[in-house]
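The values are calculated or read from the model by the stated rules, or taken from the named source; none is laboratory data. Values in this document were obtained by computation on a predicted structure and should not be read as measured data. As a convention, Cβ positions derive from the backbone with ideal geometry for all residues, glycine included, and neighbour counts pool all protein chains shown. Note: areas computed on protein heavy atoms with side chains; ligands, DNA, RNA excluded. Shrake-Rupley method; radii C 1.70, N 1.55, O 1.52, S 1.80 Å.
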Amino acid sequence: MDFESVCIRLGWTAERKVQLELLTRDGGGLALVAARVAVEHRGAFGLLGCDVETARPAGRLRSAGGAWPAVGDWVAVTASPGGGEGIIHHVLPRTSLLERKRPGANQAQVVAANVDIVFAVTTAERPPNLRRVERTLAVIAAGGARPAIVLNKVDLARDATGDLRALASVSGGAPCLATSAATGTGIDDLRALLATGATGAMLGPSGAGKSSLVNALLGDARLETGVVRLTDAKGRHTTTRRELLELPGGGCLIDTPGMRELGLWDAGDGIERAFGDVAEVAAACRYRDCQHRGEPGCAVVAALDSGALDAARFASFDKLRREAAFHERQHDPRSAAASKGRWKAIHKQQRARSRVDPKLRDD
Ligand code: GDP
Ligand code: ZN
């Protein structure tokens with residue numbers, strides 16, 4: 001397959017080409033080819049973009065402690081001489097990583113790699129739940145992907161214009177599209193965001209129409225993209241569904257079961273990024289780690305007082321951040337200790353200040 005077509009179909013880039021060349025040069029004569037992981041099944045990986053259809057990671061990959069392949073990854077593989085399963089030697093550097101940090105589990109689970117754009121899907125049947133959309137945008141930002149807001153089911157809309165305006169107010173500049181998987185409205189706009197070879201994924205509540213949108217984008221290709229045959233470790237053949245789907249007009253979609261389960265605890269510092277407007281105000285707070293709860297010199301409280309910052313928007317930011325911090329404390333004792341220590345330090349500083357300068361007592 002030629003370079004251009006793999007770019008448009010699967011998102012291969014000049015940068016990744018250079019990475020593969022470097023690996024080949026240092027690889028001791030291995031004939032490495034690039035492929036994209038479309039599914040994992042019992043330790044075997046289904047691949048797209050090269051002649052090797054399935055491959056298994058080289059033992060060295062686990063012992064080296066580097067990245068383990070995930071759906072969406074670009075990997076460097078060698079074909080097996082007999083034409084059977086190939087070997088994955090390297091995972092190329094990732095441009096984004098969506099992870100699940102399951103409650104109670106120590107290690108994050110990779111949901112998808114190299115997703116360029118994530119669609120936060122909502123339904124036009126009811127007024128949009130802006131707080132929920134904000135959460136979703138935070139999860140997307142935490143993974144390093146670009147967000148786009150999709151108002152689906154506009155054929156059933158009560159007030160599509162009003163909904164879009166409300167969604168735009170929490171979008172942080174992300175594009176907002178109106179679609180209907182039922183009538184086809186807006187599907188071309190959605191497709192256009194991926195047609196350059198970008199990889200997309202859908203997030204949003206159950207019933208919003210994510211599967212229907214995936215099917216609308218795939219069109220007739222739906223039937224071809226489905227099943228892939230893999231060989232398990234004992235040489236038995238099994239079939240499974242691909243989770244990375246090529247779109248007929250270029251680009252692809254990742255639709256993994258884990259994608260549906262990304263939770264707030266996966267948001268991490270994505271909350272700060274999704275709330276860029278709040279973060280900008282907060283940058284002027286006296287303390288770098290100000291919690292905006294009455295610390296001296298808090299720019300956020302000042303902006304709320306003057307009306308420069310919307311109270312509902314801040315409340316939403318604050319709630320998300322506290323929930324995320326609570327979750328983190330529950331699962332990371334070090335973070336709990338750090339949080340305690342930080343408050344001690346602030347109170348100590350405050351006491352010291354008020355001793356030095358009585359004027360500072362009530363700022
Ligand atoms: P998911 O849970 O987000 O994957 O949602 P589905 O794609 O399964 O859709 C849920 C229901 O909404 C199904 O009955 C779909 O047929 C229906 N649906 C999805 N998109 C649209 C749309 O744009 N318009 C209408 N009228 N129904 C839709
Ligand atoms: Zn503050």
What does the accessible area per residue of region 3-91 come to in Å², with a 1.4 Å probe and no ligands, DNA or RNA counted? 48 Å²
Around Leu247, which amide H atoms from residues at least 5 apart in sequence, or from another chain, sit under 5 Å from its own amide H, with H modelled in the peptide plane? Cys252, Leu253
Share, in percent, of DSSP beta bridges within region 3-91 that are antiparallel, nearest 5: 85 percent
If you line up the Cα atoms of region 97-255 on their principal axes, what length do they span on each, largest first, in Å? 57, 41, 27
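Using only Cα atoms, figure out Rg for region 115-158 and give it as a multiple of 2.2 N^0.38 Å. Write down the numbers at each step before the final one.
Details: Rg = 11.3 Å, N = 44, 2.2 N^0.38 = 9.3 Å.
Rg over 2.2 N^0.38 Å, computed on Cα atoms: 1.21.
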Tell me which residues come under 5 Å, amide H to amide H, from Val111 once H is placed; ignore anything under 5 positions away on its chain. Leu98, Glu99, Arg100
Please list the non-local residues whose amide H lies under 5 Å from the amide H of Cys176, H modeled 1.01 Å from N, same-chain partners needing a gap of 5 or more. Ile149
What nm distance separates the two modelled labels at Thr239 and Gln109, each placed 7 Å from Cα along Cα→Cβ? 2.6 nm
I need the phi-derived Karplus couplings for region 200-205: 6.51 cos²θ - 1.76 cosθ + 1.60, θ = phi - 60°, integer Hz, Gly and Pro marked x. x, 8, 10, 10, x, x
Sequence ranges 211-221, 192-202, 17-27, 157-167, ranked by mean other-Cβ count within 10 angstrom, highest first: 192-202, 211-221, 157-167, 17-27
Carbon plus sulfur, as percent of the 1.4 Å-probe accessible area of region 97-255, comes to 47 percent
Expressed as cubic angstrom per residue, what is the convex hull volume of the alpha carbon set of region 3-91? 97 Å³
Cβ-derived FRET efficiency at R0 51 Å, Leu30 paired with Ser206, nearest 0.05: 0.70
Probe 1.4 Å, accessible area per residue of region 97-255, Å²: 44 Å²
Does region 62-157 come out rounded, prolate or oblate, given a ≥ b ≥ c as the square roots of the eigenvalues of its C-alpha gyration tensor, rounded meaning a/c under 1.5 and, failing that, prolate meaning a/b above b/c? prolate
